[in-house]
Amino acid sequence: MEAICEDNLDKDEVRERFGCVIGVKDVSFSVAEGEIFCIMGLSGSGKSTLIRHVNRLIEPTAGKVLIEGIDINGLNAAALRELRASRIGMVFQNMALMPHRTVRDNVAFALEVRGADRAGRRAVADRAINDVELGGWEDRYPDELSGGMQQRVGLARAIAADPHILLMDEPFSALDPLIRRQLQTQFMRLAAELRKTTLFITHDLDEAIRIGDRIAVMKDGVLIQTGTPEQIVTEPADDYVAEFVSGISKLHLVTAARIMEPLAKWEAKNGPYRADGALSAAPDATLDRLAELSIETDEPLAIKADGRVLGIVTKKALIRGIQGRSVEEAEV
Amino acid sequence: MAEDKSLNLLDPFTAIDLGIADWADGIKDWASANRDTIQPAKRAINDIIVGIDDIFQAIPPVVMILIIALLAWQLAGRRVGVIVVVALVALGLLDPRAWSLAMTTLAIVLSSVFVCMVIGLPLGILTAKSERLQTLLRPVLDTMQTIPAFVYLVPVVMLVGIGNVSGIIVTVIFALPPLIRLTALGIQQVDGNVVEAARAFGASPRQIMLKVELPLALPTIMAGVNQTIMLALSMVVIASMIAVKGLGNEVLRAMGRLDAGMAIVGGLGIVILAVVLDRISQGVAQTGRERGHRHWWEAGPVGVVLRAMRGPKAATQIAARSSAQAGKLQDITGPDKNEKGVNT
Ligand SMILES: Nc1ncnc2c1ncn2[C@@H]1O[C@H](COP(=O)(O)OP(=O)(O)OP(=O)(O)O)[C@@H](O)[C@H]1O
Ligand SMILES: [Mg+2]
């Protein structure tokens, strides 16, 4: 262990020298209350291993996990079970519903484990089932439901006990694109309502950008970059991340502030700027919005805040921005 | 011992005697030394078996058939109920003495199966959880299954003497392995993801066992119980060699007298008992949902009684709902319409 850290070996070297596999190594991050934190990475990059450390389904060899300030590795078995049943809800990639239990009994599992009485369990479970729009299916069995519905049961099971924290391990990966989008929308609506601290794992960057407040990119058990969706897309930390984000549409992610040329610089090149007549937008307007405006006029766009012009976006800069490159970079 | 026979390197075994046969003979001395503890225990167990037999004999055959048929209907469905009635009536018609002999055999077989379950289920569960125990137990189970029954017949008789108790012991030795194996297999086959999910929602090991692993392993465990019942029945002739009464004894006596008719009565009786027990235990392995109803109390005689008690209106509703649910197993979208139809 020490050798791995000291020599900073990577995954392949460790496998050669010690004959064991690194699941997750040297990963540190914190998630704020109510935040949706996406962890992204390709298959085998250690995402599932990482998330299973959060509720100690896997014991770490070294390191700490703090939940609301408490080191969960110090908890005894009973306290750990209580934490899992009441404070953490988990959704699994493969749904992992219990085939011998009805939808309602699946959803009520965490409460049943804690010894809640039957009527209370039923009320809570039915509310969670309604939250995921599965009302009327309470008495069915999982194998009578479609994949999308099963995953909604999984989600209902995770939120039923009203936990503070949601752990979601590629919840929508096994679904077809249309259903996936539908479920993402439903999840985002629920998330906005419930405001749970969420660790959301995915290997789909589109999904991460849509859902996440912040995104962390993982590779071979190591975190490569952590940032907002815009940061990840516009300032990829290395080639791996760049490769990842290259196919992503910047239209809804990148803002005017990032592609505009500051007023002073523009004036130095083109002479004094006359704002009259030019269309304007706020610094946080997306490229999509700028494109809309740009169609209306031949003039460069003015980016204004509090009535003051901050910078200029020319058509050229806008198109380069949509391509994901800056004007200078393209001209060199 | 090496003096009188010189060691021949090509055939060393005739010259070496490790005394395994003598060692086995030592059981006899041990048994006679511990006679005072073995015999009372034996008598107590024998009394239980004889008591069960007496109860079975005291119940009039028609009542017994009714009880078994209702049980079969509840546990395994109407079809099995009918099969059981036909089979048991045939058993009674075989011979005037056949029913009484069959009840004795049933008492022995059920007692053996009960003992097998008491030993086999916990052992199977432990085996599923412990790799060590599994490697330890595997050769033992292999031996129990393959060693000819006659080999342990003698030591068992030396230990406890002839009678019902030794009959049960030899039957358990022979019939136990599949129950342990299939219980362990059933639990190991439970989807690890589902167990992990249960853990993630705070279930304790005991809750995981009771709420997840055992229910999901039940069909496999019941297959083990079924195998055990069948093996126990197949031991009744051998057990009758050590003075166990019943159908097996009939076959044994027929063999001694070369009485084909008597042998056929005994043999057919055993086969019919096997069919009855097999169908019932296989039916239990099937979940209610496979037979088209939701809860066990919605089906069988209990279902009929409950429906009658709730009044005719509720009865038709439940009946319509369970038929709609049966239909849904094939078609998910269909039953919604059906259910609306019921309510209006
Ligand atoms: N039980 C295990 N024993 C040994 N190595 C394991 C085990 N489970 C996972 N690994 C290794 O840990 C690494 C990370 O696996 P993990 O399941 O966390 O990946 P993942 O990012 O979740 O992938 P996916 O997107 O396919 O779910 C892999 O290299 C894998 O080989
Ligand atoms: Mg995974």
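The numbers here are math on the coordinates, done by the rules we state, and not lab data. Owing to the predicted nature of the structure, the values given are computational and were not obtained by experimental measurement. Methodologically, a virtual Cβ is constructed for each residue, glycine included, from the backbone with ideal geometry; neighbour enumeration extends over all protein chains shown.
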Rounded to the nearest 10, the angle in degrees between the Cα long axis of helix A:77-86 and the longest principal axis of the Cα atoms of chain A comes to 60
Quick calc, the stretch A:187-227, dipole around Cα centre from Cβ unit charges on Lys, Arg (+) and Asp, Glu (-), nearest 20 debye, gives 180
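What fraction of the DSSP beta bridges in chain A is antiparallel, stated in percent and rounded to the nearest 5? Numbers along the way, then the final one.
Details: 15 of 36 bridges.
That works out to approximately 40 percent antiparallel.
Which value in deg cm²/dmol, rounded to the nearest 500, describes the helix-derived mean residue ellipticity at 222 nm for the protein assembly as shown, given -39,500 (n - 2.57) per DSSP H run of n ≥ 4 and division by the residue count?
Working: 33 runs with 410 residues, N = 676.
Computed ellipticity for the protein assembly as shown at 222 nm equals -19000 deg cm²/dmol.
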The farthest towards the positive end of the charge dipole of the protein assembly as shown, of the residues B:Leu7, A:Phe18, B:Trp23, given +1 on Cβ of Lys and Arg and -1 on Cβ of Asp and Glu, is B:Trp23
In terms of the alpha carbon gyration tensor, root eigenvalues a ≥ b ≥ c, rounded if a/c is under 1.5 and otherwise prolate when a/b exceeds b/c or oblate, the stretch A:22-245 is oblate
For the stretch A:55-62, Karplus-derived ³J(HN,Hα) couplings (6.51, -1.76, 1.60; θ = phi - 60°; whole Hz; x for glycine and proline) come out as 10, 6, 5, 10, 7, x, 6, 8
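Which whole number gives the average count of other chain Cβ atoms within 10 Å of the Cβ atoms across peptide A:215-223? Please list the in-between numbers first.
On the way: counts 0, 0, 0, 0, 0, 0, 0, 0, 0.
Mean shielding count: 0.
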Scalar couplings 3J(HN,Hα) for the stretch A:36-49 by Karplus 6.51 cos²θ - 1.76 cosθ + 1.60 (θ = phi - 60°), nearest whole Hz, x for Gly and Pro, are 9, 10, 8, 10, 10, x, 6, 4, x, 7, x, 5, 5, 4
Each label sits 7 Å from Cα toward the beta-carbon; between A:Lys64 and B:Ala41 the label points are separated, in nm, by 5.7
Protection proxy (average C-beta count within 10 Å per residue), highest first, orders A:235-248, A:199-212 as A:199-212, A:235-248
Between the modelled labels at A:Thr185 and A:Asp143 (7 Å from Cα along Cα→Cβ) the distance in nm is 3.3
The pairs in A:Lys64/B:Lys129; A:Lys196/B:Lys211; A:Lys25/B:Lys211; A:Lys25/B:Lys129; A:Lys219/A:Lys269; A:Lys196/B:Lys129 lying past 32 Å Cα-Cα in this model are A:Lys25/B:Lys211; A:Lys219/A:Lys269; A:Lys196/B:Lys129
Rounded to 0.05, the calculated FRET efficiency for the beta carbons of B:Met230 and B:Asp25 at R₀ = 30 Å is 0.35
Scalar couplings 3J(HN,Hα) for the stretch B:45-54 by Karplus 6.51 cos²θ - 1.76 cosθ + 1.60 (θ = phi - 60°), nearest whole Hz, x for Gly and Pro, are 5, 4, 4, 4, 4, 4, x, 4, 4, 4
Distance in Å, no decimals, from the C-alpha centre of the stretch B:100-146 to the one of the stretch A:61-80 is 42
Any residue on another chain or 5+ positions along whose placed amide H is under 5 Å from the amide H of A:Arg140 is listed here as A:Val103, A:Arg104
Given unit charges at Cβ for Lys, Arg (+) and Asp, Glu (-), the dipole magnitude of the stretch A:22-245 about its Cα centre in debye, nearest 20, is 760
Each residue of B:202-209 has, on average, a number of other protein chain C-beta atoms within 10 Å of its C-beta equal to 5
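For chain B, with only Lys/Arg (+1) and Asp/Glu (-1) charged at the beta-carbon, what is the dipole magnitude about the Cα centre, in debye rounded to 20? Walk me through the intermediate numbers first.
On the way: 29 positive and 25 negative charges, 383 e Å.
Charge dipole, chain B, about its Cα centre: 1840 debye, nearest 20.
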Taking a crude spin-label model, label points 7 Å out from Cα along the C-beta direction, the A:Glu235 to A:Ala32 distance in nm is 1.7
Note to self: C-alpha centroids of the stretch A:94-153 and the stretch A:209-271 sit apart, in Å, by 40
Site B:Leu306, offset 7 angstrom along Cα→Cβ, radius 20 Å on amide nitrogen, limited to the stretch A:95-132, gives A:100-106, A:118-119, A:122
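Count charges around A:Leu310 for me, please; just the other residues with Cβ under 13 Å from its Cβ, Lys/Arg as +1, Asp/Glu as -1. Spell out each step's value before the answer.
Details: positive: A:Arg258, A:Lys265, A:Lys304, A:Arg308; negative: A:Glu261, A:Glu267, A:Asp284, A:Asp306.
Here the count lands on 0.
Averaged across A:95-101, how many Cβ atoms of other chains sit within 10 Å of each residue's Cβ atom? Could you put the intermediate results ahead of the total?
Numbers: counts 3, 9, 4, 9, 5, 8, 3.
Counting Cβ atoms of other protein chains within 10 Å of each residue's Cβ and averaging gives 6.
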The farthest towards the positive end of the charge dipole of the stretch A:256-331, of the residues A:Ile319, A:Trp266, A:Pro300, given +1 on Cβ of Lys and Arg and -1 on Cβ of Asp and Glu, is A:Trp266
Sorted by chain and number, the residues with a modelled amide H under 5 Å from that of A:Leu310, at a separation of 5 or more or across chains, are A:Ile303, A:Lys304, A:Ala305
